[in-house]
Amino acid sequence: NQWLVQGQLKGPLLENLTTQMIHVIRDLQNLTKDDEAWDEAWMTKVVQPEVQDMIATNGVLGISSQTDAFFGNALIKNFHPTKGRFPRIRAFGKQVRSKSLILTPEEEIPIYHLGQLLQDGSKMGATYEGTPMEFTLFEGSAKILQVFERAVLPLEKKTAKQQRLWTCGLADAGIHNLFLSDSNLWLFDLGPPHLESTPGFLTKFLFSFFHTLGMEETTKTDKDGNTTTTWVQRFFVNGNDKLELTPETKDLLPQSYHAFETVLDRIVADIFDHDDSVRELLVLYVTLQLLSDAAFCLERWSIKGGGQSRDRNHQTGIDKWLWRTLWDIYMAFDLNTPDNLERLCFSSK
């Protein structure tokens with residue numbers, strides 16, 4: 001991901017990365033049995049009814065593990081009413097506003113803004129400078145779920161849009177989890193192998209073009225002269241008491257969008273046979289993963305002792321998880337602004 005944050009992920013390097021990832025998809029397709037890749041009976045008798053029930057009830061309790069895996073395990077993990085990341089992040093917002101958390105001085109600013117964002121009716125423009133006064137994406141979970149219904153509609157012909165891949169244990173193919181040479185690609189984040197839709201598998205790769213900006217490493221020195229490794233902070237608090245992108249981030253984000261769009265175009269052409277209808281689905285998966293990562297970051301902050309007394313806790317600098325949460329929420333919204341959606345999903349390619 002250093003290529004991306006240094007503005008080098010473009011031209012032949014970006015083309016090589018995309019080509020190598022397409023080779024990975026082709027290899028996984030070849031390793032997947034035909035009856036695993038295309039199970040029309042399972043799609044019509046199991047997946048489609050479960051998705052229809054999910055839309056009707058606005059809930060995921062009827063989703064089987066196989067259907068969830070088809071969607072990149074994005075449903076139960078995020079939408080379960082008690083264990084899901086989205087309900088838990090809302091509960092965290094209530095905890096923040098109750099003022100029951102024990103905070104360090106470095107945590108007070110990001111926690112304040114998270115408390116404002118993670119409440120019913122919150123508007124992005126009240127927290128982030130330059131964003132419209134529109135609801136956060138956490139307000140639209142029912143609408144997000146409906147997009148999955150379109151993902152399993154009957155197709156006139158078999159396409160990679162509904163094709164399953166045997167993942168061979170490749171759990172996270174993001175650009176922060178790979179090594180690249182002129183001719184090879186090494187992926188090293190492994191987990192249990194399973195069958196997953198091609199769009200679902202591509203999620204971590206595509207989402208990483210924005211995700212990695214929230215975890216660019218840097219160092220900072222405290223008042224006692226101690227130096228620690230942390231992540232670059234993408235916002236500063238401006239005179240309006242809002243979060244504004246730093247000048248460096250304002251320069252870097254268009255480059256990330258360019259890389260994302262370039263890769264998206266190649267993948268739609270080479271993997272999905274120029275089926276532009278898959279673009280919106282891929283952007284949705286990326287959006288969900290950004291919001292899911294926001295909830296994950298808050299969980300990590302809590303696990304490392306955030307919100308509790310630090311008397312016997314030697315963890316320092318964990319406020320970086322709060323700032324990354326704010327970045328993920330911002331990026332998920334920005335990706336879905338009308339201008340970006342029009343360019344990425346609907347404009348003539």
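The values are calculated or read from the model by the stated rules, or taken from the named source; none is laboratory data. Values in this document were obtained by computation on a predicted structure and should not be read as measured data. Cβ coordinates were reconstructed from backbone atoms using ideal geometry, including for glycine residues, and neighbour counts include every protein chain displayed. Quick note on the areas: whole protein, heavy atoms, side chains included, nothing else; ligands and nucleic acids left out. Shrake-Rupley method; radii C 1.70, N 1.55, O 1.52, S 1.80 Å.
Would you mention how many residues in region 115-150 are under 19 Å from the mean Cα position of the chain (by Cα), modelled with pLDDT of 85 or more and of a type in the set (Gly, Ala, Ser)?
Qualifying residue count, region 115-150: 0.
For a quick check of your reading: which helices (runs of 4 or more DSSP H) sit entirely within region 236-347 and have at least 1 residues that are more than 26 Å from residue 148 (Cβ to Cβ) and open to solvent by less than 10 Å² (accessible area, probe 1.4 Å)?
In region 236-347, 247-270, 278-303, 319-335 are the helices (runs of 4 or more DSSP H) which contain 1 or more residues that are more than 26 Å from residue 148 (Cβ to Cβ) and open to solvent by less than 10 Å² (accessible area, probe 1.4 Å).
Look through region 79-97, keep the residues that are of a type outside the set (D, E, K, R) and closer than 23 Å to residue 315 by Cβ, and return whichever of them is surrounded by the fewest Cβ atoms within 10 Å (Cβ to Cβ).
91
For region 164-192, how many residues meet the condition of being in a loop (DSSP other than H, G, I, E, B), farther than 16 Å from residue 36 by Cβ and not acidic (Asp, Glu)?
Summing the residues that are in a loop (DSSP other than H, G, I, E, B), farther than 16 Å from residue 36 by Cβ and not acidic (Asp, Glu) in region 164-192 gives 8.
Within region 164-179, how many residues turn out to be more than 21 Å from residue 296 (Cα to Cα) and open to solvent by 30 Å² or more (accessible area, probe 1.4 Å)?
Final tally of qualifying residues: 3.
Could we say that residue 206 is open to solvent by less than 50 Å² (accessible area, probe 1.4 Å), under 24 Å from residue 249 (Cα atoms) and of a type in the set (A, V, I, L, M, F, W, C) here?
Yes, satisfied.
Quick one: in region 152-163, which of the residues that are farther than 11 Å from residue 43 by Cα and either open to solvent by less than 30 Å² (accessible area, probe 1.4 Å) or not in a loop (DSSP other than H, G, I, E, B) (or both) is modelled with the lowest pLDDT?
159
Write out, first by first residue and then by second, each pair whose Cβ atoms fall under 6 Å of each other, whose residues are 6+ apart or on separate chains, and whose first residue, in region 325-349, is touching a residue at least 12 places away in the same chain (Cβ under 8 Å) while the second is among the aromatic types (Phe, Trp, Tyr).
Hits for this filter: 330/128; 331/210.
Quick check on my filter: what residues within region 38-67 are within 22 Å of residue 286 (Cα to Cα), in contact with a helix residue (DSSP H, G or I) (Cβ under 6 Å, 6 or more places away or on another chain) and either surrounded by fewer than 20 Cβ atoms within 10 Å (Cβ to Cβ) or small (Gly, Ala, Ser) (or both)?
Hits for region 38-67 are 55, 58.
Quick one: count up the residues across region 122-144 that are over 23 Å from residue 247 (Cβ atoms) and open to solvent by less than 60 Å² (accessible area, probe 1.4 Å).
Summing the residues that are over 23 Å from residue 247 (Cβ atoms) and open to solvent by less than 60 Å² (accessible area, probe 1.4 Å) in region 122-144 gives 8.
If you check residue 119 against the conditions, is it surrounded by 15 or more Cβ atoms within 10 Å (Cβ to Cβ), of a type outside the set (A, V, I, L, M, F, W, C) and out of contact with any strand residue (DSSP E or B) (no Cβ under 8 Å at 6 or more places or on another chain)?
When the stated conditions are applied, residue 119 passes them.
Any idea which of (1) without any contact (Cβ under 8 Å) to a residue 24 or more places away in the chain; (2) farther than 28 Å from residue 160 by Cβ; (3) touching a helix residue (DSSP H, G or I) at 6+ places or on another chain (Cβ under 6 Å) is the one residue 107 doesn't satisfy?
So the condition that residue 107 fails would be (1).
In contact with a Phe, Trp or Tyr (Cβ under 9 Å, 6 or more places away or on another chain), open to solvent by less than 20 Å² (accessible area, probe 1.4 Å) and aliphatic (A, V, I, L, M), is that true of residue 185?
no
Residues are listed down the side, and each one gets a yes or a no for (1) hydroxyl-bearing (Ser, Thr, Tyr); (2) over 19 Å from residue 169 (Cα atoms); (3) within 20 Å of the chain's Cα centre (by Cα); (4) modelled with pLDDT of 90 or more:
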position: 14; (1), (2), (3), (4): no, yes, no, yes
position: 17; (1), (2), (3), (4): no, yes, yes, yes
position: 24; (1), (2), (3), (4): no, no, no, yes
position: 43; (1), (2), (3), (4): no, yes, no, yes
position: 59; (1), (2), (3), (4): no, yes, no, no
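List pairs: first residue in region 148-177 and more than 14 Å from residue 196 (Cβ to Cβ), second residue small (Gly, Ala, Ser) anywhere in the structure, Cβ distance under 7 angstrom, at least six positions apart or on different chains.
The qualifying pairs are 174/208; 175/208; 176/208.
Are there any pairs with C-beta distances below 8 angstrom linking a residue in region 256-282 that is at positive phi to a residue that is part of a helix (DSSP H, G or I), with the two at least 6 apart or on different chains, and if so which?
Listed by first residue and then by second, the contacts come to 274/268.
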